[in-house]
1. Among the listed residues A:LEU136, A:LEU142, identify the single one that is modelled with pLDDT of 90 or more, within 13 Å of another protein chain (Cβ to nearest Cβ) and under 16 Å from the mean Cα position of the chain (by Cα).
2. Select, from B:ALA243, B:ALA216, the only residue that is of a type in the set (A, V, I, L, M, F, W, C) and crowded, with 20+ Cβ neighbours inside 10 Å.
3. For region A:32-61, give me each residue that is of a type in the set (Gly, Ala, Ser) and either under 25 Å from A:ALA128 (Cα atoms) or more than 7 Å from chain B (Cβ to nearest Cβ) (or both).
4. State the number of residues belonging to region A:34-52 that are surrounded by fewer than 19 Cβ atoms within 10 Å (Cβ to Cβ) and either over 19 Å from A:VAL145 (Cα atoms) or out of contact with any Asp or Glu (no Cβ under 9 Å at 6 or more places or on another chain) (or both).
5. Looking at A:ALA177, A:ALA128, A:ALA165, A:ALA123, can you tell me which residue is crowded, with 17+ Cβ neighbours inside 10 Å and more than 8 Å from chain B (Cβ to nearest Cβ)?
6. Could you check region A:1-109 for helices (runs of 4 or more DSSP H) lying wholly inside it with 1 or more residues that are modelled with pLDDT under 90 and under 20 Å from B:ALA20 (Cβ atoms)?
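The values are calculated or read from the model by the stated rules, or taken from the named source; none is laboratory data. Every value quoted in this text rests on a predicted model; they were computed, and no experiment measured them. When we count neighbours, we look across all protein chains shown, and the Cβ atoms used for this are built from the backbone with ideal geometry, even at glycine.
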Amino acid sequence: MNDQAMLATRALQPAGPRPDEARLRRLFDDHFSWVWRFVRRLGVAEPQADDAAQQIFCVLAERLGELEPGKEKSFLAGTALRVSSNYRRSARRRREIPDASLEFAVDTRDDPEQMAEHRSELALLDRALDQLPSELRAAFVLFEVENHSMLEIAELLGIPRGTVASRLRRAREQFQAAAHALQGGTSDRVG
Amino acid sequence: MTELDKLRNGSDFAARLLRAGSAEQPMRAARNRAARALGLSGVAAGALLSSKASATVAAVGVGSAARLGVPLFVKWLALGMLAGGAVLGAAAAVRNALEVTSAPARRSSVPPVAMKPPIGQARQLQVAGNSELSEPAASAAADELHASVGASASVEPPRLSSSASARLPSPPPATIADLPPVNGDALLSHEIELLERVRVKLRAGKSGEALAELNAVSGDIQSLMTEADLLRVEALLAHGERARAEALAEELRRRGGGQNFRLKRLLGRP
């Protein structure tokens, strides 16, 4: 766990039973995977994504009392955008290079061949997504990867529907171009 | 076909990448860790699942298992066994931690400069000198751990190599009261304090005393071993034992502790 996540976690250690625990548990069960995947697609490396997702839920736990029911997912999305941005910035400062071999070592979900192919696809996906500006990337990921509707994305990101549509259009064009460029150099590995 | 359809449903490269992104899931361990950090009761989803599995197996019995179907029964049984294994593993880890904290072995192969006092005596001196490690508190913490792992009333001393055994008088068996606190932060604070004592003596120009202090506490240093070794290099240099300092520095370099810059600075090399 990195320092940020550790501090956030320590600050939130409860002194007694929390009244919002059931609500927090439900939100955690419903949205943890979504939050984790969202920060991954926003450019946070896998080991840091664990910490980032935890940190996002720590922030949620802290502010849960102030949040209107039904607004939690928007809050999670907004927090995820900010936290991911911080993680990306600090990763750039540290010039981290994700070690794919380490990720291979702990992933036991598929057989090795499938796993290697899946990892390769994910790496290429992230490289293609890296070509998109962050505001286009968020809308594109929510729509194309998480299968949210434009209306939901407008609510999650707090932007007008028309803006979502235009961002998606531009993002698709840029993503296709990036994927096409990647495909040229990687057809022997994927596809 | 629209651009959107092509992306989402087509068999082209971009669609494959997007499908891979949709399929990615966090590891269960990460999810469990986050749940624990949030203080959500039940701690780990895996543990929850396993305890549910065990309860289900106990409740439904063999007859119900047949009704549920063999594959389902086997699945729940396997989960229950995994939970049991996890509990035993955790107990073993706690027991190992007890043994390690009671008398850690020194990893460095460079012999100490001064005669090392018996481990038990050194530990008692440290315990007496540290207000955080008052005997009742250490004893209470140790009792708690002791009860959780079902250990016997005393902890066996560490096994020393034959040469080390020959040099040292046989230490008395460590008792629970001799154990340092088990809390990680407290252990680290304890180590920092021990090394600080060495550093103060070194800064005061008492390199011989610093080396003696370092020898006395070296068995208790675990997390800050690299720091202790660097202090030893510095103390040896201050004590005029450059050859031994360089030998230790060489060993540290071989171990790859990532302290090359500090070593070069200490030894005055470019």
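1. That would be A:LEU142, the only listed residue that is modelled with pLDDT of 90 or more, within 13 Å of another protein chain (Cβ to nearest Cβ) and under 16 Å from the mean Cα position of the chain (by Cα).
2. B:ALA216
3. Scanning region A:32-61 gives A:SER33, A:GLY43, A:ALA45, A:ALA49, A:ALA52, A:ALA53.
4. Residues meeting the conditions: 1.
5. Sole residue among the options that is crowded, with 17+ Cβ neighbours inside 10 Å and more than 8 Å from chain B (Cβ to nearest Cβ): A:ALA123.
6. Details: elements: A:3-11, A:21-41, A:46-63, A:72-94, A:100-106.
The helices (runs of 4 or more DSSP H) meeting that bar are A:46-63, A:100-106.
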